[in-house]
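Below you'll find the structure, written out as structure tokens, and then a few comments.
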Amino acid sequence: MHLNTVYITVGTTKFDALISTASSEPALKALQKRKCTKLVIQHGNSQPLTDDEIQLIRKNYGIQIEQYKFRPNIEDVKSADLIIGHAGAGTCMDILNNHKPGLIVINDTLMDNHQLELAKQLAAENYLYYCKVTDLDAQLATLDFTALKPYETNPENLSKFVSAINQLMSH
């Protein structure tokens, strides 16, 4: 499966570790092997890549970088061949509703990590994968994104998702 365009999103959070790991040599090599030619990074409140880093990535890996802090992201979601993101409910819903392969990266620096529960549940149902930020490059190199099943938008799945969210919020 070619991953020409990969979209990375941190939502409204600050998740520097995701941005720096996704733009590290091992992750970029894995993306290059999967034929990635464009990386769209929504960095939110995280540290963006510098112009020098962007030039180096283009030169060494042939990957164009587009980055921004915030903007409506529906076009980025729709044009992505893979979405890598934090485990926020909005990101998970974007992956599911747009039938995109997704890799959720758990921010284990959060004290009360409800995100992990949501990602585990969706991964158990084979809708997406999840990993720790330290495993991102290895997962990018080895996961079979074609094995994921598309999420069917129906009342049963929607009520399961809503009850999972409610359960997480009540902790």
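Ala124: without any contact (Cβ under 8 Å) to a residue 40 or more places away in the chain, open to solvent by 60 Å² or more (accessible area, probe 1.4 Å) and small (Gly, Ala, Ser), yes or no? The answer is yes for Ala124.
Looking only at the stretch 33-61, residues that are among the polar types (S, T, N, Q) and under 24 Å from Leu143 (Cα atoms) come to 3 in all.
Counting only helices (runs of 4 or more DSSP H) that fall entirely inside the stretch 1-89 and contain at least 2 residues that are free of Cβ contacts under 8 Å to residues at least 40 places away in the same chain and under 29 Å from Ile165 (Cβ atoms), the qualifying elements are 16-22, 74-79. No other residue among Ile95, Ile104 is assigned to a helix (DSSP H, G or I), free of Cβ contacts under 8 Å to residues at least 60 places away in the same chain and among the β-branched types (Val, Ile, Thr) apart from Ile95.
Yes/no matrix, rows are residues, columns are (1) within 17 Å of Val10 (Cα to Cα); (2) in contact with a helix residue (DSSP H, G or I) (Cβ under 8 Å, 6 or more places away or on another chain):
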{"site": "Pro101", "(1), (2)": "yes, yes"}
{"site": "Ile104", "(1), (2)": "yes, yes"}
{"site": "His114", "(1), (2)": "yes, yes"}
{"site": "Leu118", "(1), (2)": "yes, yes"}
{"site": "Gln121", "(1), (2)": "no, yes"}
{"site": "Ala124", "(1), (2)": "no, no"}
{"site": "Tyr127", "(1), (2)": "no, yes"}
{"site": "Val133", "(1), (2)": "yes, yes"}
{"site": "Leu136", "(1), (2)": "yes, yes"}
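If the condition is being in contact (Cβ under 8 Å) with a residue 12 or more places away in the chain and either open to solvent by 40 Å² or more (accessible area, probe 1.4 Å) or over 12 Å from the mean Cα position of the chain (by Cα) (or both), then the stretch 108-121 contributes Asp108, Thr109, Asp112, His114, Gln115, Leu116, Glu117, Leu118, Gln121. Can you pull out every residue in the stretch 12-29 that is touching a helix residue (DSSP H, G or I) at 6+ places or on another chain (Cβ under 6 Å) and either among the polar types (S, T, N, Q) or at pLDDT below 95 (or both)? Once the filter is applied, which keeps residues that are touching a helix residue (DSSP H, G or I) at 6+ places or on another chain (Cβ under 6 Å) and either among the polar types (S, T, N, Q) or at pLDDT below 95 (or both), the stretch 12-29 yields only Thr21.
Selection of the stretch 78-94 for residues being modelled with pLDDT under 95 and either closer than 19 Å to Ala22 by Cα or open to solvent by 50 Å² or more (accessible area, probe 1.4 Å) (or both) yields His86, Ala87, Gly88, Thr91, Cys92. Residues in the stretch 119-171 that are acidic (Asp, Glu) and touching a strand residue (DSSP E or B) at 6+ places or on another chain (Cβ under 9 Å): Asp135 only. Residues of the stretch 127-159 that are of a type in the set (Ser, Thr, Tyr), assigned to a loop (DSSP other than H, G, I, E, B) and open to solvent by 60 Å² or more (accessible area, probe 1.4 Å): Thr153 alone.
The values are calculated or read from the model by the stated rules, or taken from the named source; none is laboratory data. On a predicted model such as this, the values are computed, not experimentally measured, just so you know. Heads up, the Cβs are rebuilt from the backbone with ideal geometry, glycines too, and the neighbour counts pull from every protein chain shown. Accessible surface areas use protein heavy atoms only, side chains included; no ligands, DNA or RNA. Shrake-Rupley method; radii C 1.70, N 1.55, O 1.52, S 1.80 Å.
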